[in-house]
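Since the structure comes first, as structure tokens, the remarks are kept for the end.
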Amino acid sequence: MMRQYELVDRVRRYNPATDEALLDSAYVYAMKAHGSQTRASGDPYFSHPLEVAAILTDLKLDDATIVAALLHDTIEDTKATRAEIGKKFGKDIATLVEGLTKIRKLDLVSKRAAQAENLRKLLLAIADDVRVLLVKLADRLHNMRTLHFVLEEKRSRIAEETLDIYAPLAGRMGMHDMREELEDLSFRQLQPDVYRSIESRLSSIREKNAGLIKGIEQELTSELAREGIKAKVRGREKRPYSIWKKMERKAVGFEQLSDLYGFRVVVGSIADCYAAVGIVHTKWPFVPGRFKDYISTPKQNDYRSLHTTVVGPGRQRVELQIRTQDMDRVAEYGIAAHALYKDSDKSNGEILPHDSNAYAWLRRTIEMLAEGSSPEEFLEHTKLELFHDQVFCFTPNGRLIALPRKATPIDFAYAVHTDVGNSAIGCKINGQVAPLVSELQTGDEVEIIRGDAKTPPAAWDAIVITGKARAAIRRATRSAVRAQYTGLGRRMVERAFAKASLPFSEEKLQAALPRLARHTTEDLFSSVGRAEIKPDDVLRAVDPEWRGERVTGAKTPKSEGGWFGLRRASSLKFRIPEKSKEEKTAAIPIRGINGELPVRFAPNGGAVPGDRIVGILTPGEGITIYPIHSPALKEYDDQPERWLDVRWDMEEAVPQRFPAQVGVTVKNVPGSLAQVATVIGEHGGNIDNIRMSGKSPDFTRMVIDVEVFDLKHLNAIITQLRAKKVVSAAERVNG
Ligand code: MN
């Protein structure tokens, strides 16, 4: 195991200003915290965070990252707390370690394809400091290197996760060595036979071509030197996984793969890069279509280089990457290279205050991560802001639930399952009892406490922010309300039967359903409960011989029951339940194609069947029905988009009353008012209200609110009024 001073030495080699005391105390703290814990290999557990820190020293990272690596498993696995780490090592390091602790919960999540995208987003959402990702990748790399110690049944899951999530992440961050090693280690676990066969062919070719790489390196170097370009040339063999991918992609066998070798040519300046590629192309035939200029158009992850393939010495196809020292550093370390570069550039090792812009580059690199656009790259077409609108929480079993920001535990409960939402009565967030209206944060573990209730409080509708929760709550409240009405309606029908001395029977009701325009007895009871159908109507439908209270004249009950509907010309059909008198002014709920739109009649002289009508849409309010001749419609002349083409869709069998207004001028003689009322009553109209609107010595002007069945009925009443001697004028009024 690496000693304390060895670690400090490794850091000091690239960062002379390192804070040795800080590194030392982190080393001691983590070692003590992990105490006698051991790894699957039997090694002391502390060897793991130490190795992770060592990997990061290869990437030449800053002290905070190295310390975070040493501490990365302490919060989760030992008695150490965030508060204690904050006190001992400062807020910056504590935040890094906490980020790593949250990400570790990911390892508990069952790996399902549907979750992969969320997991990637989560990684980025949590790691608003890119150093958290760097430590996580180093952590994963060490775990993959020691995978063979882990229980057999766990290995493949870890390897799949590495291949799906962490290797692409490393690639996206420009850390190609890291990516390739992670891929190869996963590949070896997941397809051991394929891996071995590629590995053995590679080694036989290696023997056959012994000295080839060296030869090409030398020839390239001297050829460039002759033209005055100083270049460092390094050759390397492709890795098994990338060979395998290529075989799959091109559907070719191993023998047909030509470019097994790649060479890097590192030169002094950009001008030299272009000069070098010119020389190479003159000297050896190049493969058409393989030249790529990533210097003038860098990749998203800042990668810059010239690429070309030539048929080199020994008729081998040779891939070349030509670039400067700076470009090479970025190509090798990716994001980590920026860390190093900025560190040495800015301050000669001086520690910058945390509230300065020193870490602005971290944010930029994270944004860059999220904006990748090439298909092989990570998180294409997605911007980081997207993740800022989301929170990622966990069930106690480790299932990941993605929610919009400001979501509550109620939203969480419905996201898990509708039944969980409907029966939720409380919750625990990270083990603490918390209100159901709390705002969830990324990384929260949420446990929903369930009760016996099956119906959520209707008020939740205003609290939740997810559509799924809102829809479920409305559905549950609606069916609860319906159940109440059904129960009420059943009692009313039973009582009516008893009063009429008729034996109550569901079979009889069943038979009468078509006459009542209902599909089920449930529907029927619910309608009676809502006062849409009177119990007497039910009795009449069951027993046509039954004579109950007859409907006559002014005594006609206000709510005659039944339905009417409006139909849009385009076959959109509204069915509007009649409201009781008290609710006349309230909105009438209907179910249209776009959810629930309240429908109401224009105040003062609404439409009656027979009138041509239009609907006027008021966004946020609903639809108001006007007779086509209403003067009020003038107001909407210049807003054609608000006009809805609607028409009556009456069911003749179940008559329905509508409010209308009649203006009447009567002579001031005794009993004139009574005569008017009698005419209306005798002809089946219901007087709702009478207002005196003007008085002269001889005449009284009044407006009568009257309920009629339709236009014919209204006109008949007006004609009868005009026929009376006391009436000098009668006409319909439309407000
Ligand atoms: Mn670890």
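Conditions tested, residue by residue: (1) at pLDDT 80 or above; (2) touching a Gly at 6+ places or on another chain (Cβ under 9 Å); (3) open to solvent by less than 70 Å² (accessible area, probe 1.4 Å).
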site: E507; (1), (2), (3): yes, no, no
site: A511; (1), (2), (3): yes, no, yes
site: S526; (1), (2), (3): yes, yes, yes
site: I533; (1), (2), (3): yes, yes, yes
site: L539; (1), (2), (3): yes, yes, yes
site: E545; (1), (2), (3): no, no, no
site: G548; (1), (2), (3): no, no, yes
site: V551; (1), (2), (3): no, yes, yes
site: E560; (1), (2), (3): no, no, yes
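Residues in the range 216-231 include none that are touching a residue at least 24 places away in the same chain (Cβ under 8 Å), surrounded by 13 or more Cβ atoms within 10 Å (Cβ to Cβ) and under 22 Å from M144 (Cβ atoms). Applying the criterion of being in a helix (DSSP H, G or I) and more than 13 Å from the ligand (Cβ to nearest atom) to the residues of the range 55-79, the residue that is farthest from T101 (Cα to Cα) is D58. On the given criteria, is A469 at pLDDT 85 or above, open to solvent by less than 60 Å² (accessible area, probe 1.4 Å) and either closer than 30 Å to F412 by Cα or in the same structural domain as W643 (by TED's automatic domain parsing) (or both)? Taking the combined requirement at face value, the residue satisfies it.
Scanning the range 408-450 for residues that are out of contact with any Pro (no Cβ under 9 Å at 6 or more places or on another chain), farther than 17 Å from Q390 by Cβ and acidic (D, E) returns a single hit, D419.
Considering (1) touching an Asp or Glu at 6+ places or on another chain (Cβ under 9 Å); (2) over 24 Å from A602 (Cβ atoms); (3) without any contact (Cβ under 8 Å) to a residue 24 or more places away in the chain, the lone condition that I690 does not fulfil carries the number (2).
Let's see how each residue does on (1) at pLDDT 90 or above; (2) touching a Lys or Arg at 6+ places or on another chain (Cβ under 9 Å); (3) of a type in the set (A, V, I, L, M, F, W, C):
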position	(1), (2), (3)
L185	yes, yes, yes
Q189	yes, yes, no
I198	no, no, yes
S203	no, no, no
I216	no, no, yes
T221	yes, yes, no
K232	yes, yes, no
S242	no, no, no
K245	no, no, no
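Checking each residue in the range 312-326 for being more than 14 Å from A231 (Cα to Cα) and either surrounded by 15 or more Cβ atoms within 10 Å (Cβ to Cβ) or outside the structural domain of F291 (by TED's automatic domain parsing) (or both) picks out G312, P313, Q316, R317, V318, E319. Take the residues in the range 23-54 that are open to solvent by 40 Å² or more (accessible area, probe 1.4 Å) and more than 15 Å from the ligand (Cβ to nearest atom), then tell me which one is nearest to D9 (Cα to Cα). My answer is D24. Pairs only if they're at least six apart or on different chains, beta carbon under 6 angstrom, first in the range 34-51 and assigned by TED's automatic domain parsing to the domain that holds L137 and over 18 Å from L23 (Cα atoms), second away from the ligand (no atom under 11 Å from the Cβ) and open to solvent by less than 40 Å² (accessible area, probe 1.4 Å); list them, first residue then second. These pairs meet every condition: A40/V150.
Residues that are under 20 Å from the mean Cα position of the chain (by Cα) and in contact (Cβ under 8 Å) with a residue 40 or more places away in the chain were ranked within the range 435-450; the one that is farthest from R104 (Cα to Cα) is L440.
For the range 195-314, the strands (runs of 3 or more DSSP E) that sit wholly inside it and include 2 or more residues that are under 27 Å from L185 (Cα atoms) and out of contact with any Pro (no Cβ under 8 Å at 6 or more places or on another chain) are 232-237, 261-267. Hey, any hits in the range 8-18 for a residue that's open to solvent by 70 Å² or more (accessible area, probe 1.4 Å), outside any helix (DSSP H, G or I) and not polar (S, T, N, Q)? Yes. Which of the residues belonging to the range 411-434 are β-branched (V, I, T) and touching a strand residue (DSSP E or B) at 6+ places or on another chain (Cβ under 9 Å)? Selection gives V416, V420, I425, I429, V433. The residue of the range 137-159 that is farthest from the ligand (Cβ to nearest atom), among those that are touching a residue at least 24 places away in the same chain (Cβ under 8 Å), in a helix (DSSP H, G or I) and open to solvent by 80 Å² or more (accessible area, probe 1.4 Å), is R157.
The values are calculated or read from the model by the stated rules, or taken from the named source; none is laboratory data. Because the structure is predicted, anything quoted here is derived from the model rather than measured. So basically every Cβ, Gly included, is an ideal-geometry build from the backbone, and we count neighbours across all protein chains shown. These accessible areas exclude ligands, DNA and RNA; they are computed on the full protein's heavy atoms, side chains included. Shrake-Rupley method; radii C 1.70, N 1.55, O 1.52, S 1.80 Å.
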